[in-house]
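Notes follow the structure.
What follows draws every value from the coordinates through simple rules; no lab data is involved. Computed from a prediction, not measured in an experiment: that's the story for all the values here. Backbone-built Cβ (ideal geometry, glycine too); neighbour counts: all protein chains shown.
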Amino acid sequence: MGSVNIKQLARELNLSAATVSRALRDSHEISSATKQRVNDLARKLNYEPNPSASTLRSHKSKTLAVIVPEIANNFFSLAINGIEEVARQHGYHVLIYQSHDNVEAEASFIKSLLTGRADGILLSVASETVNEIHLMDLNKQIPTVFFDRVPDGLNTVNVTTNDYESAYDAAEHLIESGCKKIAYLFALNNLLAGKNRLKGYLNALKDHNIDLDDHLIITCGKDDINNYSLLKDAISKYQPDGVISATEELVLPCYEICQLLKINIPNYLKIVSFSNLKTAPFLNPSLTTVTQPAFEMGFKAASLLLKLLDNKQVEPGDAEVLNSVLIKRGSTAVK
């Protein structure tokens, strides 16, 4: 007997070819009983799928698009490695776009991808994105999974980390190390991650009966020179004994400012940062970090996207939350 195709299976089962095709792809639209019938007959008749024919019929590009704020950031380079691992296992190519935290660039990339250049999108949104129109109902236009930096208030499929708990633990670690005036370097202000990190810091202070000094919440932006000036003024004027940085980009300026002002780390100022910096153990002193499972996050996000592409059941609003790890090093050591 020659090779069996989907039309022959459909005839035998008195089903439509589309139903048989969806059953073979384990679509949530097909009942378990029908899937069982189709798969039993497929095995019996030694049905072998034709991948090239399937690609032509579905007009799939076998490409996943990844939009991130920047590739140079250690977190995103690790996350991309996780995405590429899943893509490679399933025969997909990966296109990478950098928004450079620019919302217009992000919107432009998405618009071009809706023309069929990619089958799905993995997106970590620009820090200036505030529920922009280009993200509304995006998942209805193309399968999309958001990771790490997710929009606040939109019904999306997300992979994030436990930002609130991580910031709380970081603040508590500084308090237990003797800090009473803890500055918080606030970044990602518009995003859920940034808001949750700030909330964790604030609640840790409250739970340990430490009065909040509004001057110690230093709101940082995209301008490195302005951020440096803000940090230098705050550290010299308000003399915090602890610092939590919401992003790794703000840490090296803190080290530089402490050297300039002759402030000893950790004796007079202890520092914790959300960071995946490979050099964290080699700084002087070594940097205490909240380290996110970046590779795992990319891997999980890509795996979720492939489920969407295979018509498996993934509901908007589904979220996977991974745990970050507080790694204690020299920058928070007790005398």
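Relative to the Cα centre, the charge distribution of the range 168-286, modelled as +1 at Lys and Arg Cβ and -1 at Asp and Glu Cβ, gives a dipole magnitude of about 40 debye. When only alpha carbons are used to place a centre, the range 153-169 and the range 63-110 end up 19 Å from one another. List the trypsin sites (Lys or Arg not before Pro) in the range 70-169 that DSSP assigns to loop (not H, G, I, E or B) and whose Cβ has at most 14 other Cβ atoms within 10 Å. Which are they? The qualifying sites are R117. The simple spin-label model puts a point 7 Å past each Cα toward its Cβ; for E176 and D214 those points are separated by 3.2 nm.
Helical content alone sets the calculated 222 nm signal of the chain at -13000 deg cm²/dmol, taking -39,500 (n - 2.57) per DSSP H segment of four or more residues and averaging over every residue. Using the Cβ-Cβ distance between F282 and K262 with R0 set to 25 Å, the FRET efficiency works out to roughly 0.65.
Under the convention that each Lys and Arg Cβ holds +1 and each Asp and Glu Cβ holds -1, the size of the dipole of the chain around its Cα centre is about 1120 debye. Here each label is just a point 7 Å from Cα along the line to Cβ, and for Y255 and S108 those points are 3.5 nm apart.
Checking every one of the trypsin sites (Lys or Arg not before Pro) in the range 234-320 against DSSP loop status and a limit of 10 other Cβ atoms within 10 Å picks out K262, K278. Of the options (i) 57, 45, 39; (ii) 64, 44, 41; (iii) 83, 36, 34, only one is Cα extents along the principal axes in Å as computed from these coordinates, and that is (iii). Under the combined filter of DSSP loop state and at most 14 neighbouring Cβ atoms within 10 Å, the range 161-219 retains these trypsin sites (Lys or Arg not before Pro): K180. Based on C-alpha pairs under 8 angstrom that are at least 6 apart in sequence, the chain has a relative contact order of 19 percent. Among residues other than L283 whose Cβ falls under 13 Å from its Cβ, what is the net charge (Lys/Arg +1, Asp/Glu -1)? Within the 13 Å Cβ shell, the charges total 0.
Selection among P266, P240, F299 by position relative to the dipole of the chain gives F299 as farthest towards the positive end (Cβ unit charges, Cα centre). Label point of D152 set 7 angstrom out along Cα-Cβ; within the range 96-133, amide nitrogens under 14 Å from it belong to 127-132.
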